[in-house]
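The values are calculated or read from the model by the stated rules, or taken from the named source; none is laboratory data. Source: prediction; values computed, not measured. Every residue, glycine as well, gets a Cβ built from its backbone with ideal geometry; the counts of neighbours run over all protein chains shown. Protein only, heavy atoms only, side chains kept; ligands, DNA and RNA dropped before computing areas. Shrake-Rupley method; radii C 1.70, N 1.55, O 1.52, S 1.80 Å.
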Amino acid sequence: MTRPQRRRRRSSGGIAAGPAAGPLPVPGNRGLANIHYMDTPTLARASTGTRKLRVGVGQLASGMYVVELDRPWLDTPFLLEGFLVDSPIELETLRRYCRYVYVDPDRSDPTLARRIRDAELADAPLVASPRRSETTVRLELPKRSGEARQERRASPAPKARADARVSSETRERFRRFVRATAVAGESLQAPAGVLGRTAGWLRRWMAADDRDPVAWQQRSLQAVHDLLPPGTRVVRHPDPQPFAEAMPAARAAIARAGHATEALYEAVRDGRDAPVGPLHESVTLLVAAMIANPDAPAWAARVGGAASRDTRHALTVALHLLAVGRSIGLDRETLRALATIGLLADAGKARLPRALLEKPGMLSASEHTIVKEHVRLGLEAVERSGPLAAEVRAGVAQHHERLDGSGYPKGLQGEEISFWGRLAAIADSFAALVSPRPYAEALAPQEAMMSLYEWAGNSFDEALVEQFVQAIGIFPVGSIVELSSGEIAVVIGHNRIRRLEPRVLAISDAAREPLGAPVPRELPSLHRGSPPDALRVARGLPASAFDLGRIDLTAFMPGRDVA
């Protein structure tokens, strides 16, 4: 069975396949009705047979099997996909980090079945948990033995965690917003050609009428502008340059930024003064490349980006921040600040033990506390070379803060978190969700987007999540998709005229066999009456679904001789 086929049968983002477990519905079918999000006990059984009931943390008890949380697993010490609660320490940790969790009654203690059913939560609003202090996580998990511990550690290769399911309410909000942004992009007073970037198969999902989609977009954009610090300039950037013309500068910018970030991280790791000068110079090039054509630097990073995981993540976060900043009309100086935040946010991780960062199992409370120190360590290391701009410092310091106070290092809440910290949190989380890591499987981009929507309002700012979706698209440049023909393709750009149909390169045939050379595929403009066999995107795939290293993409890298 191929990797994409396995992915269809198991969805970690809460999307349950239809009865045939085949591709997601494509335009021309009323596909939205055929996509299930497990929002009731009846629909709460995924293709693996797992049943999930939502239980408030106050009702949790030892012997319950927790399969999902109400927030990113990355924000907690629990890094495995599912575990049996079998100690007071785990109960206390869950209560400190979460408001509710999802419990599998079939894998829980059978004597608790009735209690779990009685404790299942209705859809009523939940009371936010109190702010956590730093001392609440300085707990040492005792060593345990017994059947429960043996059950958890039975597998020599623990399953990578999945992320929170997406509720039906979130699905509906997401569907309606995508519909609104798909029909009204050009009318906004924002940079042209960067709104409504979604794939063709989403367009025909949008069956329900929205009373005023233009007003919806304007409200979302205005809500983000209201978050900007006083005096922030909003501009209209020029139309993007042709892709081929923009690629040489984009490739050079990515190369410079990658080298500068690698050098800075190495200096931080070795305890030397961080060379921030070259990094600032590379940021200027990145900003210019993003303004010239937002697709070009994203593609350059995908094809010829950095070698190390840390630098790839930093570049990805920086590019996402720049894409959003360009989309909402921030000027060059503000874009420079955003790119710098992305490149510096995780610099402090260079000071942490690699084994700890790549641990495949659950972190102990003390280990989680050490990981959280990377924020302080990074700021201290970088600022030995001179103080950072206020907005850059805020973004780096707050990129793990969450609106409900569940983040770190200070547990800030709501208005205490700056625009810079709020946006950096979204970009950093999304980049992590779509990237393979030792303790987590990669999500397809649209699954990660749905997760962001699920956490919006609690962890993340909802208006910023909406603008993030518009700026980078459900299928970002460089992401892997499955076409209705069965071919696997990679997205290389977004069509400014037909913004719902990305530009793609087929990299496999319908049998998933790699092609000798990638082939451009033209996705036709879809509309009512389009032939049922019209080529379109059937689904997005996680980064691990296809090894791009087997495909020579350099022919689609204009300017590849640029140093």
Q: Starting from residues that are surrounded by 20 or more Cβ atoms within 10 Å (Cβ to Cβ) and either charged (D, E, K, R) or without any contact (Cβ under 8 Å) to a residue 12 or more places away in the chain (or both), keep the ones in the stretch 408-435 and report whichever is farthest from residue 449 (Cα to Cα).
A: 422
Q) Taking the stated definitions as given, is residue 370 touching a helix residue (DSSP H, G or I) at 6+ places or on another chain (Cβ under 8 Å) and surrounded by fewer than 21 Cβ atoms within 10 Å (Cβ to Cβ)? A) yes
(Q) Conditions first: (1) under 25 Å from residue 231 (Cβ atoms); (2) assigned to a helix (DSSP H, G or I). Residue 401 passes all but one, so which condition is the exception? (A) (2)
**Q.** Pairs where the first residue, in the stretch 453-464, is farther than 10 Å from residue 414 by Cα and the second is basic (Lys, Arg) and at pLDDT below 90, C-beta under 7 Å, 6+ apart
**A.** 453/173; 455/71
(Q) Need pairs with beta-carbon distance below 6 Å; first residue open to solvent by 60 Å² or more (accessible area, probe 1.4 Å) and within the stretch 235-248, second part of a helix (DSSP H, G or I); sequence gap 6+ or separate chains. (A) 241/292
Q: Among the numbered conditions (1) outside any loop (DSSP other than H, G, I, E, B); (2) open to solvent by 30 Å² or more (accessible area, probe 1.4 Å); (3) in contact (Cβ under 8 Å) with a residue 24 or more places away in the chain, tell me where residue 359 comes up short.
A: (1)
Q. When only residues in the stretch 452-486 that are part of a helix (DSSP H, G or I) and out of contact with any helix residue (DSSP H, G or I) (no Cβ under 6 Å at 6 or more places or on another chain) count, which is farthest from residue 502 (Cα to Cα)?
A. 455
Q: Return a yes/no flag: does the stretch 382-399 have any residue that is within 21 Å of residue 69 (Cβ to Cβ), out of contact with any strand residue (DSSP E or B) (no Cβ under 7 Å at 6 or more places or on another chain) and surrounded by 24 or more Cβ atoms within 10 Å (Cβ to Cβ).
A: yes
Q.
Pairs needed: first member in the stretch 514-537, more than 17 Å from residue 488 (Cα to Cα) and open to solvent by less than 30 Å² (accessible area, probe 1.4 Å); second member anywhere, modelled with pLDDT of 85 or more and not acidic (Asp, Glu); C-beta distance under 7 Å; at least 6 residues apart or different chains.
A. none
Q) Among the candidates 344, 319, which residue alone is assigned by the TED database to the domain that holds residue 396, within 23 Å of residue 423 (Cα to Cα), free of Cβ contacts under 8 Å to residues at least 40 places away in the same chain and surrounded by 24 or more Cβ atoms within 10 Å (Cβ to Cβ)? A) 319
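Where in the stretch 179-278 are there helices (runs of 4 or more DSSP H), lying fully within it, with 2 or more residues that are at pLDDT below 95 and in contact with a Cys (Cβ under 9 Å, 6 or more places away or on another chain)? Spell out how you get there, then give the answer.
On the way: elements: 200-203, 213-227, 243-270.
By residue number, no helices (runs of 4 or more DSSP H) qualify.
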(Q) Please go through the stretch 289-316 and give me each residue that is open to solvent by 10 Å² or more (accessible area, probe 1.4 Å) and farther than 22 Å from residue 469 by Cα, ordered by number. (A) 303, 304, 305, 306, 307, 308, 309, 310
Q) What do you reckon, is residue 396 of a type outside the set (S, T, N, Q), closer than 21 Å to residue 287 by Cα and part of a helix (DSSP H, G or I)? A) yes
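May I ask you to say which residue of 106, 118 is modelled with pLDDT under 85, of a type in the set (Asp, Glu) and open to solvent by 60 Å² or more (accessible area, probe 1.4 Å)?
Values: 106 fails: modelled with pLDDT under 85.
Residue meeting the stated conditions: 118.
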